[in-house]
Amino acid sequence: MSTTVTPQQLVEHALATSTADDCVVIVRASSSANLRWANNTLTTNGVMVSSEVVVVSFVGRGDGVATGSVSGSASTTEQVTALVEAADAAARAAGPAEDAADLVAGRTSPDWDEAPQPTDIHVYDAFAPALGEAFGQATAAGRVLYGFVDHEVVTTYLGSSRGLRLRHTQPTGHYACTAKTADLRSSAWVGGATRDFTDVDALAMADQVATRLGWARRRTDLPAGRYDTILPPSSVADLMVDAYWGAGARVAHEGESVYSRRGGGTRIGERIARPGVGLYSDPAYAALACAPFNVASASDNTESVFDNGLPLGRTDWIRDGELTSLIQTRHSAAMTGQPVTPMIDNLVLEVDDARGSIEDLVAGTERGLLVTCLWYIREVDPQTMLLTGLTRDGVYLVEGGEITGAVNNFRWNESPVDLLNRFTAASTTVPSFSREWGDDYFSRTATPALRIPDFNMSSVSQAL
């Protein structure tokens with residue numbers, strides 16, 4: 001009979017079962033709760049619990065070390081045994097790994113023996129009644145609300161045959177709300193990230209989208225062109241996440257990215273942004289705390305399974321406008337001659353002379369645009385990190401320091417690295433949420449709003 005066991009027991013069973021020379025086991029025990037609404041009515045709610053196990057086997061060969069990585073849903077020892085056998089077989093059939101290195105030496109988290117931390121629908125005990133009140137207000141005013149909230153807690157257990165026993169609990173929450181006029185001709189969006197929903201006010205969320213719909217009562221059509229443009233923290237987060245994901249040291253070293261130096265090597269040590277600009281990651285950053293050790297399920301240009309368990313601390317990617325680090329495994333660090341700086345699960349952009357809020361940036365703009373949402377972002381040219389995308393759910397005209405109406409949507413073309421040189425003003429840094437990437441991939445960001453004097457709206461879009 002199969003018996004459900006603790007995550008720690010799953011780790012120990014996998015390590016004891018593997019016949020490979022070495023083994024790393026990652027167990028992610030997760031629970032999540034969500035609410036969804038449409039047409040001013042709650043439509044669904046649910047709670048889910050899951051357990052994912054990753055087994056990485058290492059087999060010594062005459063020409064190096066081969067690895068095999070297999071993952072799957074597993075909550076019993078029988079299911080874990082099947083994953084171990086598959087990983088061991090994959091390692092024995094594989095060629096030598098180019099990123100081979102000594103596995104990280106063992107250490108144990110003080111909370112290793114603790115059970116996974118759960119979440120449930122009660123995380124919305126304050127949010128849900130306020131949301132119901134927001135539905136009533138929207139209906140009375142002729143607005144329609146759509147949206148969702150999601151809260152997930154993942155407890156990761158990392159164990160290895162070299163003695164690693166590491167544990168980390170990661171709460172992740174986000175909310176998003178779109179409001180439309182009754183005729184569905186105008187829309188507005190707001191969203192944000194949270195750790196526990198104690199800081200999310202459903203009525204304030206609904207008021208914000210209502211205000212934006214009010215701005216759209218006057219409509220002006222504008223042609224494509226370069227505009228003095230204010231990007232809110234959420235849109236800046238969209239762009240900075242791309243800049244971060246593209247900062248792999250190996251790709252840069254091989255001449256394939258915006259961080260590549262002409263003639264070979266990387267641009268580390270070069271000024272790539274305005275003085276005073278800092279871009280960094282820090283596992284201990286308030287409100288964005290994340291795992292303080294490296295977790296890698298498979299090897300690629302920015303991750304190595306041999307680096308599992310490496311301690312993580314603050315890493316400055318850009319300091320005072322200078323590129324100081326790129327995402328490095330131990331393998332790529334040996335190639336580039338730079339320190340080992342693995343990817344970290346948060347990102348912070350700060351500007352030394354930043355002040356005020358997005359409202360202050362609007363007040364200081366004589367004529368320009370406020371773009372509240374970017375979406376469908378795709379890379380056009382990795383050598384310059386040129387991105388393209390669309391605006392959506394609210395582009396507003398600023399005249400004389402005030403928002404005077406809405407304008408049509410655009411397709412845009414810009415490089416986030418280039419924007420860090422061209423912006424003319426920045427607000428203070430606040431926790432932000434990338435609409436494009438935050439839902440599923442990267443939600444822990446803190447960014448300012450930026451004013452770009454010549455943002456490239458390359459063509460008019462018909463998107464609502």
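In the context of the full set of protein chains, residues of the stretch 1-131 present 49 Å² of accessible surface per residue (probe radius 1.4 Å, heavy atoms only).
Of all accessible surface on the chain at a 1.4 Å probe, what whole percent is carbon and sulfur? The C+S portion of the solvent-accessible surface of the chain is 50 percent.
Convex hull over the Cα atoms of the stretch 70-156, averaged projected area in nm²?
Numbers: hull surface 45.3 nm².
Directional mean of the projected Cα hull area for the stretch 70-156 stands at 11.3 nm².
Taking θ as phi - 60° and the Karplus parameters 6.51, -1.76 and 1.60, the scalar couplings of the stretch 437-447 work out to 10, x, 4, 10, 10, 8, 10, 9, 9, 9, 8 Hz in sequence order, x denoting glycine and proline.
Pick out the long, greasy-scoring helices in the chain: whole DSSP H runs spanning 30 Å or more along their own axis by Cα, mean Kyte-Doolittle at least 1.0.
Details: long enough: none.
In the chain, no H run is both long and hydrophobic enough.
Converting phi to 3J(HN,Hα) with the Karplus coefficients 6.51, -1.76 and 1.60 and the offset θ = phi - 60°, the stretch 171-184 yields x, 9, x, 7, 9, 8, 9, 10, 10, 10, 5, 4, 8, 6 Hz in sequence order, with x at every glycine or proline.
Accessible area per residue for the stretch 336-403, computed on protein heavy atoms with a 1.4 Å probe, is 43 Å². Using only alpha carbons, the stretch 80-232 has a radius of gyration to Kirkwood radius ratio (Rg to Rh) of 1.20. Between the beta carbons of R226 and D102, assuming R0 = 41 Å, the FRET efficiency works out to 0.20 to the nearest 0.05. Compute the Kirkwood hydrodynamic radius of the stretch 315-403, taking the inverse of the mean of 1/r over all pairs of distinct Cα atoms, and give it in Å to one decimal. One over the average 1/r among Cα pairs gives 16.8 Å for the stretch 315-403.
Largest first and in whole Å, what are the equivalent-ellipsoid semi-axes of the stretch 246-355 based on the Cα gyration tensor, each being the root of 5 times an eigenvalue?
For the stretch 246-355, the ellipsoid semi-axes come out as 22, 20, 9 Å.
With a cut-off of 8 Å between alpha carbons and a minimum separation of six or more residues, what is the relative contact order of the chain in percent? Intermediate results must be reported in sequence, preceding the final value.
On the way: 1200 pairs, mean separation 71.4, N = 464.
Answer for the chain is 15 percent.
Computed packing ranks the peptides 60-69, 141-150 as 141-150, 60-69, most packed first, by mean other Cβ atoms within 10 Å. When the GluC sites (Glu not before Pro) in the stretch 63-165 are filtered for DSSP coil states and for at most 10 other beta-carbon atoms within 10 Å of their beta-carbon, the remaining sites are E98.
Express the Stokes-Einstein translational diffusion coefficient of the chain in µm² s⁻¹, to the nearest whole number, given a Kirkwood radius over alpha-carbon pairs, 4 °C and a viscosity of 1.567 mPa s.
Numbers: Rh = 23.9 Å.
Reported coefficient: 54 µm²/s.
With R₀ set to 30 Å, the beta-carbon distance separating R185 from E359 gives a calculated FRET efficiency near 0.70.
Pairwise alpha-carbon distances in the stretch 26-107 exceed 15 Å for 68% of all pairs. Computing Rg and the Kirkwood Rh from the Cα coordinates of the stretch 369-464 gives a ratio, Rg/Rh, of 0.95.
Backbone amide hydrogens, once placed in the peptide plane, bring N409 within less than 5 Å of S461, excluding anything fewer than 5 places away on its chain.
Can you give me the Kirkwood hydrodynamic radius for the stretch 230-275, using every pair of distinct Cα atoms, in Å to one decimal? Please list the in-between numbers first.
On the way: mean 1/r = 0.0855 Å⁻¹.
Kirkwood hydrodynamic radius for the stretch 230-275: 11.7 Å.
Couplings 3J(HN,Hα) for the stretch 346-352, derived from phi with the Karplus relation 6.51 cos²θ - 1.76 cosθ + 1.60 (θ = phi - 60°), are 8, 8, 10, 10, 10, 10, 4 Hz, where x marks Gly and Pro.
The values are calculated or read from the model by the stated rules, or taken from the named source; none is laboratory data. Since this is a predicted model, take the numbers as computed values, not measurements. Here Cβ is always computed from backbone atoms with ideal geometry, including for glycine, and neighbour counts include all displayed protein chains. Ligands, DNA and RNA are excluded from the accessible area calculation, which covers all protein heavy atoms including side chains. Shrake-Rupley method; radii C 1.70, N 1.55, O 1.52, S 1.80 Å.
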